[in-house]
Amino acid sequence: MLGPGAVLCIWLGAVPWTALMTVAIALLTWEWVRLCGLRSRARPGVAVPAAVFVACALSVFGLTVPALACLFAGFLGTWIGAPRLRRRTPPPPALWLAAGVLYIGIAGIALIELRHDNDAGRGNVLFLFLVVWASDIGAYLVGRLIGGPKLAPAISPGKTWSGAAGGLLSSMGIGWLAADWLAPGNPDVAKVLIVAALLGIATQLGDLLESAVKRHFKVKDSSMLIPGHGGLLDRLDGLLAAAPVAALLAFGVGYGVPLWR
């Protein structure tokens, strides 16, 4: 249900998309604070959703620079202001707690900025989602079928180099098809493949990052929010890493232009 719901909100416009982002950010920050062994409704855990919500609200009104400044202020305030709570392993949980402000906040701002481009926003966000999904599915299927040497056994023992290659090729192939569908007119194949490859690589790095975080906290899933599938962080780890890359690419090509142009 997550996929169809997200696509529907992307298609309907910036307002439904912003509403979906509000719910997603609330759940993501709750999961992050929970991973750190704290509660998001009490200090210091409440600082994470508070900083991310204010930053994303600024982004909704087009205040991107103040939004980013708010995130970094929230990161520093959480890190410095939070007590050094007891945990089993270093570094102090205050740093881990503060890192969630940037990890979730930057991705949230990127996704809001991408969709609020009235001319190209729908296509850009759909392109991003399709590439991320293609990377995840391709990596899983090829990794299961071929197997072989492990990609990062110390972080995620199940991932293989063959799966990484399959995910990259899948993201490039689906990216090319998506670009032709979303903006017909013989797009530059080389540019499309490069953009899709960058997003595909970011997706896999995001997956590895989330695995490293869970390994640090010695948990299998970020939460039990989605029965049988873990938490929202587990489902959106690749998207959280790929979204800022997509936003930077969209900024580079200019407002109202597909990010692969």
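The values are calculated or read from the model by the stated rules, or taken from the named source; none is laboratory data. All values reported here derive from a predicted model rather than from experimental measurement. In this analysis, Cβ positions are derived from the backbone assuming ideal geometry, glycine residues included, and neighbour counts consider all displayed protein chains. Calculation scope for accessible area: heavy atoms of the full protein, side chains included, ligands and nucleic acids excluded. Shrake-Rupley method; radii C 1.70, N 1.55, O 1.52, S 1.80 Å.
Okay, here's what the table says:
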{"quantity": "Meets criteria (open to solvent by 70 Å² or more (accessible area, probe 1.4 Å), small (Gly, Ala, Ser) and either out of contact with any Asp or Glu (no Cβ under 8 Å at 6 or more places or on another chain) or touching a residue at least 40 places away in the same chain (Cβ under 8 Å) (or both)) for Gly228", "calculated": "yes"}
{"quantity": "Residue that is surrounded by the fewest Cβ atoms within 10 Å (Cβ to Cβ), among those in the range 110-140 that are closer than 13 Å to Ala14 by Cα and among the β-branched types (Val, Ile, Thr)", "calculated": "Val125"}
{"quantity": "Filtered residues of the range 251-261 (kept if of a type in the set (A, V, I, L, M, F, W, C) and open to solvent by 20 Å² or more (accessible area, probe 1.4 Å))", "calculated": "Phe251, Val253, Val257"}
{"quantity": "Every residue from the range 180-225 that is assigned to a helix (DSSP H, G or I), out of contact with any Leu (no Cβ under 8 Å at 6 or more places or on another chain) and open to solvent by 80 Å² or more (accessible area, probe 1.4 Å)", "calculated": "Trp181, Lys191, Ile194, Leu205, Leu209, Arg215"}
{"quantity": "Residue within the range 23-46 that is closer than 22 Å to Phe127 by Cα and in contact (Cβ under 8 Å) with a residue 12 or more places away in the chain present", "calculated": "yes"}
{"quantity": "Asp234 under 23 Å from Arg144 (Cα atoms), of a type in the set (D, E, K, R) and in a helix (DSSP H, G or I)", "calculated": "yes"}
{"quantity": "In the range 157-172, the residues that are over 21 Å from the mean Cα position of the chain (by Cα) and open to solvent by 80 Å² or more (accessible area, probe 1.4 Å)", "calculated": "Trp161"}
{"quantity": "Among residues of the range 231-250, those that are more than 13 Å from Leu28 (Cβ to Cβ) and either acidic (Asp, Glu) or surrounded by fewer than 15 Cβ atoms within 10 Å (Cβ to Cβ) (or both), counted", "calculated": "1"}
{"quantity": "Residue within the range 147-156 that is crowded, with 19+ Cβ neighbours inside 10 Å and either touching a Ser or Thr at 6+ places or on another chain (Cβ under 7 Å) or not polar (S, T, N, Q) (or both) present", "calculated": "yes"}
{"quantity": "Selection status of Gly175, over 22 Å from Ser156 (Cα atoms) and either of a type in the set (Ser, Thr, Tyr) or crowded, with 23+ Cβ neighbours inside 10 Å (or both)", "calculated": "yes"}
{"quantity": "Enumeration of residues in the range 36-52 that are within 20 Å of the chain's Cα centre (by Cα) and among the β-branched types (Val, Ile, Thr)", "calculated": "Val48, Val52"}
